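In what follows, a single structure is set out as structure tokens and then discussed.
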Amino acid sequence: MVLVFLESSNHKIKKNSLEVITYGKKIAKANNGKLIGIHFGALDDSDSCNKYGLDKLFILNEPVFEVFDSRLYTKAIKAVYLAENCQFAFFGFNLNGKALSARLAAALDGGLVNGANSFADLNGGFKVQKTIYSGKAIATYQIVAQHKILSIASNTVSIEENPSTCEVVNFNSGIAASEVKVKKIKEEKVAGEIPLAEADLVVSGGRGLKGPENWGMIEDCAKIIGAATACSRAVADAHWRPHHEHVGQTGGAIAPNLYIAVGISGAIQHLAGVSNSKTILVVNIDPEAPFFKAADYGVVGDAFEVMPKLNEALKKAKGV
Amino acid sequence: MKYLVCISKVPDTTAKISFKNEDKEFNSDGVTFIMNPTDEWYALVRALELKEASGGQVTVINVGPKDNEKFLRSAIAIGADDAVLIEANEETESYYIAKNIAKYAQENGYNFVITGKETISFNSFSLGGMIAEFMDLPFINQATQWMLNGEVSTIYKEIEGGEEVLEVTGNCVISAQKGMAEQRLANMKGIMMAKTKPLAIIPIALGEEKVQVSQYQVTPPRGNCKMFTLDQIDELVQALQSEAKVI
Ligand SMILES: Cc1cc2nc3c(=O)[nH]c(=O)nc-3n(C[C@H](O)[C@H](O)[C@H](O)COP(=O)(O)OP(=O)(O)OC[C@H]3O[C@@H](n4cnc5c(N)ncnc54)[C@H](O)[C@@H]3O)c2cc1C
């Protein structure tokens, strides 16, 4: 049996979780096993459950799970995993997924690969790949432990339909209220912005833009194509942009379908956070900028000339 | 309060990565190693700040070969009180690294175990969570601020599309990222003291292997970059649309 951890937003299963379902379904089929989902909180998405191949869905809706606490979540996940005789547990490679996969691996004495980005090779074992050294290399791991646990990078598989009839089980973990050690005091969401970590498209600016007052053309570009915005460390350190936009070795690591880098030199530490992007477009005034060596498309030119033209062309192409 | 800070050793951020022994082993020839940046800049410095504010002890710990002693000495030079090296070979799995650190922390009564959010070598984000599970403690990952008031930690953390503030009562494990503190350099006094402060070396306890490396490879380079001029922006957009199919 394969257990997949599902996350939702507005009661619908998130895209990354649908990818994890697709991945899990393939492994379940190869092992003639069933695919079991686990979700904390209410969910109103039986369409997706049946369409993408869940055989069973565990819903855990006790008040102790109101705030994400990896300790209590892991206790519940472990209980379901063992009750259902699972051998595999898959998570998304995101903030909560990474914490849970690591805990579950310890709890089950299992083998873990966090950030798997290939479909598992099942010939003679269970082999998966992930990038290491911040994108500079790839490792292939063989999980030899009985319990195999992965967190799966986004875009590793494309979502596939796999019609099934999903049985929904309301599961009671019985965890006592006195076990709650983590309280949430405040949560602030930046309204209207596309979260960087989940974005399919990202437009990013560097020191070449000369100052925070020039970010309008980056934001316009992002708006036209529906992208999130990011920046280099130099820009975040100069407080031109908020720190959560900083990508690279010491900032966030992202892997969108398209990364547009404007006025960023392409220092090795910057590339470390973006080199897993599927397609990279670089705009830089310097034909020798190192970023061109790591890009698919390039424009040598002044960002102040290129961006307005690019934005016009994108508007036309998108019909907006 | 007793703080245990995990320090790992990684290749310098600009190091050229290559492998040897039929691509089964990292080739360290000519590579400079450093303390993992998020361990040094954020985990260690924040623990030092909290200790300076309200007392306690900051211990740095590494699981690795004897030679790693020098990275622990550098951490002491920045301000840690003492160090522990759990002697193990270079390729020890994170499961056993975590298990041994957790055991040490438990037996020696540490209140907090702090790591960087990830190492820049294996990018696994897994050590803190594993340690927390072995110790049955809460784990707050990728924290950007941490305040301590008596027993209560107030921890800020970025979430998808925003930020949240959490309160944890009692002992916990924290992984730290940017925002937590500012890099601190060792001063002369620290460097002198580093030689004299205690550094214990203890053996590792291992068990059955969980995960094996079957192969490493260097990431293949991207194909050639297709160049467009200022007059070819329409062609560029067309390429993004119909060739790359990304917009
Ligand atoms: C340990 C360590 C960790 C680091 N971590 C990170 C990290 O996580 N992320 C990160 O980004 N950096 C990181 N850095 C810093 C990194 O080395 C670079 O200094 C940084 O990425 C440079 O930012 P930049 O490209 O915006 O600026 P610059 O290097 O100053 O580049 C500006 C670019 O803009 C171009 N330009 C100038 N004017 C124009 C114009 N009018 N139109 C178009 N282009 C123009 C220039 O040709 C140049 O290529 C790290 C460094 C170290 C030592």
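The values are calculated or read from the model by the stated rules, or taken from the named source; none is laboratory data. Here the structure is a predicted model, which means the values were calculated and not measured. Here the Cβ is made from the backbone with ideal geometry for all residues, glycine too, and neighbour counts use every protein chain on show.
Per-residue answers, yes or no, for (1) charged (D, E, K, R); (2) within 14 Å of chain B (Cβ to nearest Cβ); (3) surrounded by fewer than 20 Cβ atoms within 10 Å (Cβ to Cβ):
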position: A:D44; (1), (2), (3): yes, no, yes
position: A:L57; (1), (2), (3): no, no, no
position: A:N61; (1), (2), (3): no, no, yes
position: A:A79; (1), (2), (3): no, no, yes
position: A:F90; (1), (2), (3): no, no, no
position: A:K98; (1), (2), (3): yes, yes, no
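Please indicate, with yes or no, whether at least one residue in the stretch B:101-115 is closer than 22 Å to A:H244 by Cα, in contact (Cβ under 8 Å) with a residue 60 or more places away in the chain and over 15 Å from the mean Cα position of the chain (by Cα). Walk me through it before giving the result.
We begin by selecting, within the stretch B:101-115, every residue closer than 22 Å to A:H244 by Cα; these are B:114-115.
Imposing the further condition that a residue be in contact (Cβ under 8 Å) with a residue 60 or more places away in the chain reduces the set to B:114-115.
Remaining after also requiring over 15 Å from the mean Cα position of the chain (by Cα): none.
The answer is no, given that none of the residues of the stretch B:101-115 is closer than 22 Å to A:H244 by Cα, in contact (Cβ under 8 Å) with a residue 60 or more places away in the chain and over 15 Å from the mean Cα position of the chain (by Cα).
Select from the stretch A:236-261 the residues that are farther than 19 Å from A:L281 by Cβ and more than 12 Å from the ligand (Cβ to nearest atom) and write down the one among them that is farthest from the chain's Cα centre (by Cα). In this case the residue turns out to be A:H239.
From the list B:P203, B:P221, B:P198, pick out the single residue that is within 30 Å of A:A317 (Cβ to Cβ), out of contact with any Leu (no Cβ under 6 Å at 6 or more places or on another chain) and surrounded by fewer than 17 Cβ atoms within 10 Å (Cβ to Cβ). Explain how you work it out, then say what you get.
Working: B:P203 fails: within 30 Å of A:A317 (Cβ to Cβ); B:P198 fails: within 30 Å of A:A317 (Cβ to Cβ).
Checking each option against the conditions leaves just B:P221.
Within the stretch B:1-40, how many residues turn out to be basic (K, R) and part of a loop (DSSP other than H, G, I, E, B)? Final tally of qualifying residues: 2.
With respect to the conditions (1) over 28 Å from B:N36 (Cα atoms); (2) at the interface with another protein chain (Cβ under 10 Å from one of its Cβ atoms); (3) in a helix (DSSP H, G or I), A:K293 falls short on a single one, namely (1). Of the residues making up the stretch A:139-155, those that are under 21 Å from A:D109 (Cβ atoms), assigned to a strand (DSSP E or B) and within 7 Å of another protein chain (Cβ to nearest Cβ) are A:Y141, A:Q142, A:I143. Criterion applied to B:I202, B:I155, B:I159 was being modelled with pLDDT of 95 or more, of a type in the set (V, I, T) and under 20 Å from the mean Cα position of the chain (by Cα), and the one residue passing it is B:I155. Restricting the first member to the stretch A:239-252 and to residues that are more than 9 Å from chain B (Cβ to nearest Cβ), and the second to residues that are more than 6 Å from the ligand (Cβ to nearest atom) and in a strand (DSSP E or B), the beta-carbon pairs closer than 7 Å and six or more apart or on different chains are A:R241/A:C231; A:E245/A:T229; A:E245/A:A230; A:E245/A:C231; A:V247/A:S204; A:V247/A:A230. Within the stretch A:298-310, restricting attention to residues that are buried (at least 22 other Cβ atoms within 10 Å of the Cβ) and more than 7 Å from the ligand (Cβ to nearest atom), the residue that is farthest from the other protein chains (Cβ to nearest Cβ) is A:M307. Filtered by the rule that a residue be away from the ligand (no atom under 11 Å from the Cβ) and either outside the structural domain of A:A295 (by TED's automatic domain parsing) or buried (at least 17 other Cβ atoms within 10 Å of the Cβ) (or both), the stretch A:200-216 gives A:D200, A:L201, A:V202, A:V203, A:W215. Across the stretch A:262-289, the number of residues qualifying as near the ligand (Cβ under 6 Å from one of its atoms), surrounded by 23 or more Cβ atoms within 10 Å (Cβ to Cβ) and under 19 Å from B:T119 (Cβ atoms) comes to 2. Applying the criterion of being within 15 Å of the ligand (Cβ to nearest atom) and acidic (D, E) to the residues of the stretch B:1-48, the residue that is farthest from B:M135 (Cα to Cα) is B:D12.
Does at least one position in the stretch A:203-221 carry a residue that is within 12 Å of chain B (Cβ to nearest Cβ), under 20 Å from the mean Cα position of the chain (by Cα) and farther than 16 Å from A:F304 by Cα? Scanning the stretch A:203-221, I find no residue that is within 12 Å of chain B (Cβ to nearest Cβ), under 20 Å from the mean Cα position of the chain (by Cα) and farther than 16 Å from A:F304 by Cα, so the answer is no. Of the residues making up the stretch B:199-221, those that are touching a Lys or Arg at 6+ places or on another chain (Cβ under 8 Å) and either within 7 Å of chain A (Cβ to nearest Cβ) or closer than 22 Å to A:F292 by Cβ (or both) are B:V213, B:S214, B:Q215, B:Y216, B:V218, B:T219, B:P221.
Checked against the criteria, A:L112 counts as within 21 Å of the chain's Cα centre (by Cα), within 14 Å of chain B (Cβ to nearest Cβ) and not in a helix (DSSP H, G or I).
Of the residues B:D136, B:D231, only one is surrounded by fewer than 16 Cβ atoms within 10 Å (Cβ to Cβ), of a type in the set (D, E) and either on the phi > 0 side of the Ramachandran plot or more than 11 Å from chain A (Cβ to nearest Cβ) (or both); which?
Numbers: B:D231 fails: either on the phi > 0 side of the Ramachandran plot or more than 11 Å from chain A (Cβ to nearest Cβ) (or both).
Of B:D136, B:D231, the one residue that is surrounded by fewer than 16 Cβ atoms within 10 Å (Cβ to Cβ), of a type in the set (D, E) and either on the phi > 0 side of the Ramachandran plot or more than 11 Å from chain A (Cβ to nearest Cβ) (or both) is B:D136.
Tallying residues that are over 25 Å from the mean Cα position of the chain (by Cα) and part of a loop (DSSP other than H, G, I, E, B) within the stretch A:169-199 yields 8.
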